[in-house]
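Here's the structure we're looking at; comments come further down.
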Amino acid sequence: MGEGEKFQLGTIGALSLSVVSSVSIVICNKTLMSSLRFIFATTLTSWHLFVTFCSLHVALKLRFFEHKPLEKKMVMGFGILNGISIGLLNLSLGFNSVGFYQMTKLAIIPCTILLEILFLGKKFSKRIQFSLVILLVGVGIATITDLQLNALGAFLSLLAIITTCVAQIMTNTIQKKFKVSSTQLLYQSCIYQAATLLISGPYLDKLLTNLNVFSFKYTTKVTIVIILSCLISIAVNFSTFLVIGKTSPVTYQVLGHLKTCLVLAFGYIIVHDPFSWRNILGIMVAMVGMIIYSYCCVLESQQKPVEGGGQVSQARDNETETLINVENSSAILNKRPPVWNKDKDKN
């Protein structure tokens, strides 16, 4: 098996792991928050990140991967920025309607493209842009139900979009620039993400829910589901860095919208969530966009050798990794943050 085939196989594995783990954790968290009423999303995320750090620390001691030191200030800033973006996404959902929050998520792709064009000089073909437009329209049809707007919510959404885009672009850039693996970068940065949310999480959750996470009654069932959620989060966090490192921030966002469609479908099949023809139409349009996107990526990847080595095209550093190459994953960390309000949960 050649290097190209190994790389493609690794990419397919990363995409598959991201989809399976993200859908699993959303279902787990939905049970935790809707059925068991543990509605402290930001604090739960901080526990996810702390457990991820501990598991990677054990893996390092067992020599499953090598430690590659990076500049401490850079890693600290990167980790804190990731933590802030998660907190802002949760605040955005808390201060906006579910529909406006979905618009916020949809805005991340065009914002990421704009930043990469302006600051990294990357180029996106019209075919790629067209496929992304179809994808965003489909996801919008399937998920956006209302668009209630308020000044504070809009401001928080803008900050969430900017911090999320910058954090994901940095994830890709750091891995390629410093030749570090996704595991090495996640291990060094997730402790700062965890610390940021461990400190701020209880206050944010108190602000959003008017409840205290430390006063919650932790039954055996709640504790078991929290532990399960934390264990699944290891795969979610690892696959996030792996996918962004192997593909690009835009491809990761496209994958995130695929997860949204799958979560809607599983919600209807497993827990019988309300499902309309609008949801079905939106998912079908979104899937068409994803297929076109994947086809365009493959097509441009094949055209690269013909164009000659002088041009910097949209190849491996950008969109040439396939999203649905004979296969098919917030948040949080780009999965939809759990809804902590009964009315919103129905949406």
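Every number here is computed from the coordinates shown, using simple stated rules; none is lab data. Since we're looking at a predicted model, the values are computed, not measured. Note: ideal-geometry Cβ built from the backbone for every residue, glycine included; neighbour counts use all protein chains shown.
Here are the numbers for the structure shown:
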item: Approximate spin-label separation Asn150-Phe130, in nm, with each point projected 7 Å along Cα-to-Cβ; result: 4.2 nm
item: Spatial extent of the range 10-346: Rg and Dmax, with the Cα atoms as the point set, Å; result: 19.2, 64
item: Label-point separation, Arg63 to Ile27 (7 Å along Cα→Cβ), nm; result: 3.9 nm
item: Of Lys30/Lys177; Lys177/Lys259; Lys73/Lys105; Lys206/Lys259; Lys72/Lys217, pairs whose Cα-Cα distance is over 31 Å; result: Lys30/Lys177; Lys72/Lys217
item: Mean-position separation - Cα centroids, the range 225-243 and the range 59-127, in angstrom; result: 16 Å
